[in-house]
Number of protein chains: 4
Amino acid sequence: MKAEIKQKSILLFEEKGFSETSIQDIVEALGVTKGTFYYYFSSKEQLLMDIHLGYIDDLLNRQEKIQQKQISNREKLTQLIALLITDIAKHGPSGKVFFREMRHLGEENAFQVKGKREKFRKNLEKIIMDGIVQKEFRQGLDPDIIAFAILGVANWSYQWFNPSGGITADRLADIYIDLILNGIV
Amino acid sequence: MKAEIKQKSILLFEEKGFSETSIQDIVEALGVTKGTFYYYFSSKEQLLMDIHLGYIDDLLNRQEKIQQKQISNREKLTQLIALLITDIAKHGPSGKVFFREMRHLGEENAFQVKGKREKFRKNLEKIIMDGIVQKEFRQGLDPDIIAFAILGVANWSYQWFNPSGGITADRLADIYIDLILNGIV
Amino acid sequence: MKAEIKQKSILLFEEKGFSETSIQDIVEALGVTKGTFYYYFSSKEQLLMDIHLGYIDDLLNRQEKIQQKQISNREKLTQLIALLITDIAKHGPSGKVFFREMRHLGEENAFQVKGKREKFRKNLEKIIMDGIVQKEFRQGLDPDIIAFAILGVANWSYQWFNPSGGITADRLADIYIDLILNGIV
Amino acid sequence: MKAEIKQKSILLFEEKGFSETSIQDIVEALGVTKGTFYYYFSSKEQLLMDIHLGYIDDLLNRQEKIQQKQISNREKLTQLIALLITDIAKHGPSGKVFFREMRHLGEENAFQVKGKREKFRKNLEKIIMDGIVQKEFRQGLDPDIIAFAILGVANWSYQWFNPSGGITADRLADIYIDLILNGIV
DNA sequence: GATGAATGAGGTTTCATTCAT
DNA sequence: CATGAATGAAACCTCATTCAT
């Protein structure tokens, strides 16, 4: 039941937004009552936190696995971007909620999630830095800003990319990787 | 007064979000009453629409000016990215509200704004396409996806870039342009 | 201007009701501003009172004229009913407002209008009473209840009678008079 | 609780009118909170609709029972008028609300109620028509207008008749029936 | 005579949350 | 485990009215 509530909530939050989705909406969509909701979640915020943690923890997990592989930094970067993009197809709604609704977490929860987001960014930054040191990437790059740029490209996809549209997630990832590695000139 | 309300609203919407900012919050911050608000705006949504139009219309205007210049496509692209980034310093809050709160527009208003956003994107796409045709950019690129990527990089900046921090908007624009043109390899 | 406001208000009150019509609605329909309204009327209630008095005073006036004529009571009754019915065509909206919106008058005003309404009813009652005494009408009738019945028949017409429909006001008055005088058996 | 709210609302609506009675007034009179009101009724209009349907459905029901009886049309008419008048004593407030506040129903609801009102009127019309055909009533009458007249007499009673006053409902019904059948001459 | 900016009280409605059962 | 009645704070919005110009 708890999982069901969470899953349905993600879909509703994605569709209408967190503030615009009431507990009533959620329980009605499931055919249960409000009491049931509060049996499993102590508050609406806690549900949102649950969704956030589920998403970011999974992402960090998979990022770590890539990082531990014995492959070049270029390859690590490639796999990481592919990870982010292909996730849209699999966990699209979760991701959208994640990127859009963090503002609705209370101070403490926001702090915790922010920490994990930054950890993800820092890990990405490290790959770039390592790549520069090992001469896989150009010298003189700002690893932190490049990391932000890469995240921008990938995360923005959540706003427009439709996996069931004209282009597959894999193909999109390839294009992005090519762009980031080689530029457009 | 109308301008004052709009300006203060932008700041509050940026800080707390549209849904989380009440009319009460806005008028209290200005020392007026709710009646005054509704004298100038017929609804909260209409205020949001006002903000959206002010932002996107200005942006389209300036994009057009760049597009009409007699300069290379590469230079046009450079200026466009600079435009987007340096805007953060000048109209940061407006931009954040613009990118985050479109969901709160009603169907009709959302349609209108979406149209203008797409126009902006299509214009960017055209620069890339022209650049490819004129061999300024690599052959075989997908202009639409490249456009999305550039918008991702630029728009994401609204989420983290602090113009009064360690790096200037001009410098950031330069870095981004270099990245997009040349890649990281 | 004052007359214009009053006239337009009657139409709007008839269409949407007193409470549902705002001062804004009235002035907008006339292309003037709220200040203008309050220059001519000290309050919304006073406007309603104006409308009420205009209607009932006129009615009482004409009732008196009939009463003073040297004709039979039966003829007086006939003319009175004709007066009420044909009024719908001429002052329909005023009448509708009059019958529906008295509740929105304050205590004092309501008292005054009620007094005049009762005077009208009492006058009608007197005709019936006189008719009974003079053997024009059946003996044993309750003049007060008959008066209420006649008012019911006539006033209810305001709810459904459309003078531009299939039947004229004169014809309707004739039918009603026949009914009241002779019954249906 | 739902029934309690409905009943108290009827009394308040009768006393002060629909627009002039706020949800606050209703819940305060019951010692509950606004939340409770909206737990049982989705809107103020829906409550009004509930009241309307409760009244008209009951009325139609009883009308039908009369209509199916094996009695003369004259007797049917008599019973119908008695039904309307004696109702004032039993459901007076409901009736007053019913006759006065239909304007506050939205388009759809008003349409539905109007349909039922017309059905009641048409049924009454049919009794008159049948009575004419079977020579119980005079030839040459307009059944529709006679129906309107009867409704006027009966419904107007809601505006003045006080069952606890000097005359009983039964007596009033008798007087009305006599008037309608025989006239005043 | 007329304007229009401003008020403030009050209206309907929503909603996260609680709690006895 | 789950229900459903009840809460109460706060949201958006309306509107008659005032008043300096």
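The values are calculated or read from the model by the stated rules, or taken from the named source; none is laboratory data. Note that the coordinates shown come from a computational prediction; the quantities given were computed from them, not determined experimentally. No Cβ is skipped: glycine too gets one built from the backbone with ideal geometry, and neighbour counts run over all protein chains shown.
Tabulated data for the structure shown
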{"item": "Test for C:Gln79: is it closer than 24 Å to C:Pro143 by Cβ, more than 16 Å from DNA strand F (Cβ to nearest atom) and over 22 Å from the mean Cα position of the chain (by Cα)", "result": "no"}
{"item": "Close pairs from the range A:4-23: first farther than 18 Å from A:Tyr39 by Cα, partner more than 10 Å from DNA strand E (Cβ to nearest atom) and aromatic (Phe, Trp, Tyr), Cβ under 6 Å, at least 6 apart", "result": "A:Thr21/A:Phe13"}
{"item": "Residue match in the range A:37-49 (condition: more than 12 Å from DNA strand E (Cβ to nearest atom) and in a helix (DSSP H, G or I))", "result": "no"}
{"item": "Criterion (of a type in the set (D, E, K, R) and modelled with pLDDT under 85) met by exactly one of A:Asp170, A:Asp130, A:Asp142", "result": "A:Asp170"}
{"item": "Residue satisfying all of: in the range B:15-32; assigned to a loop (DSSP other than H, G, I, E, B) and touching a helix residue (DSSP H, G or I) at 6+ places or on another chain (Cβ under 6 Å); farthest from DNA strand F (Cβ to nearest atom) among these", "result": "B:Gly17"}
{"item": "Single unsatisfied condition, C:Ala89 versus (1) at pLDDT 90 or above; (2) in a helix (DSSP H, G or I)", "result": "(1)"}
{"item": "Selection within the range C:161-185 - of a type outside the set (Val, Ile, Thr) and either surrounded by 15 or more Cβ atoms within 10 Å (Cβ to Cβ) or touching a Lys or Arg at 6+ places or on another chain (Cβ under 7 Å) (or both)", "result": "C:Phe161, C:Pro163, C:Ala169, C:Leu172, C:Ala173, C:Asp174, C:Tyr176, C:Asp178, C:Leu179, C:Leu181, C:Gly183"}
{"item": "Pick from the range C:46-55, criterion crowded, with 16+ Cβ neighbours inside 10 Å and under 12 Å from C:Asn109 (Cβ atoms), ranking: farthest from DNA strand F (Cβ to nearest atom)", "result": "C:His52"}
{"item": "In the range C:5-16, the residues that are of a type outside the set (A, V, I, L, M, F, W, C) and under 14 Å from C:Gly92 (Cα atoms)", "result": "C:Gln7, C:Lys8, C:Ser9, C:Glu14, C:Glu15"}
{"item": "Verdict on C:Lys69 being more than 14 Å from chain D (Cβ to nearest Cβ), more than 16 Å from DNA strand F (Cβ to nearest atom) and of a type in the set (D, E, K, R)", "result": "yes"}
{"item": "Identity of the residue in the range D:119-160, at the interface with chain C (Cβ under 10 Å from one of its Cβ atoms) and assigned to a loop (DSSP other than H, G, I, E, B), that ends up surrounded by the most Cβ atoms within 10 Å (Cβ to Cβ)", "result": "D:Phe137"}
{"item": "Search result, residues across the range A:1-14 that are away from DNA strand F (no atom under 11 Å from the Cβ) and more than 14 Å from chain B (Cβ to nearest Cβ)", "result": "A:Ala3, A:Lys6, A:Gln7, A:Lys8, A:Ser9, A:Ile10, A:Leu11"}
{"item": "In the range C:161-172, the residues that are part of a helix (DSSP H, G or I) and out of contact with any Pro (no Cβ under 8 Å at 6 or more places or on another chain)", "result": "C:Asp170, C:Arg171, C:Leu172"}
{"item": "Single residue of the range A:173-185 satisfying the filter (part of a helix (DSSP H, G or I) and facing chain B (nearest Cβ under 9 Å)) that is nearest to the chain's Cα centre (by Cα)", "result": "A:Tyr176"}
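Conditions tested, residue by residue: (1) part of a helix (DSSP H, G or I); (2) within 29 Å of C:Glu15 (Cβ to Cβ); (3) out of contact with any Leu (no Cβ under 6 Å at 6 or more places or on another chain).
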| position | (1), (2), (3) |
| --- | --- |
| C:Glu64 | yes, no, yes |
| C:Gln67 | yes, no, yes |
| C:Thr78 | yes, no, yes |
| C:Ile85 | yes, yes, no |
| C:Arg103 | yes, yes, yes |
| C:Glu108 | yes, yes, yes |
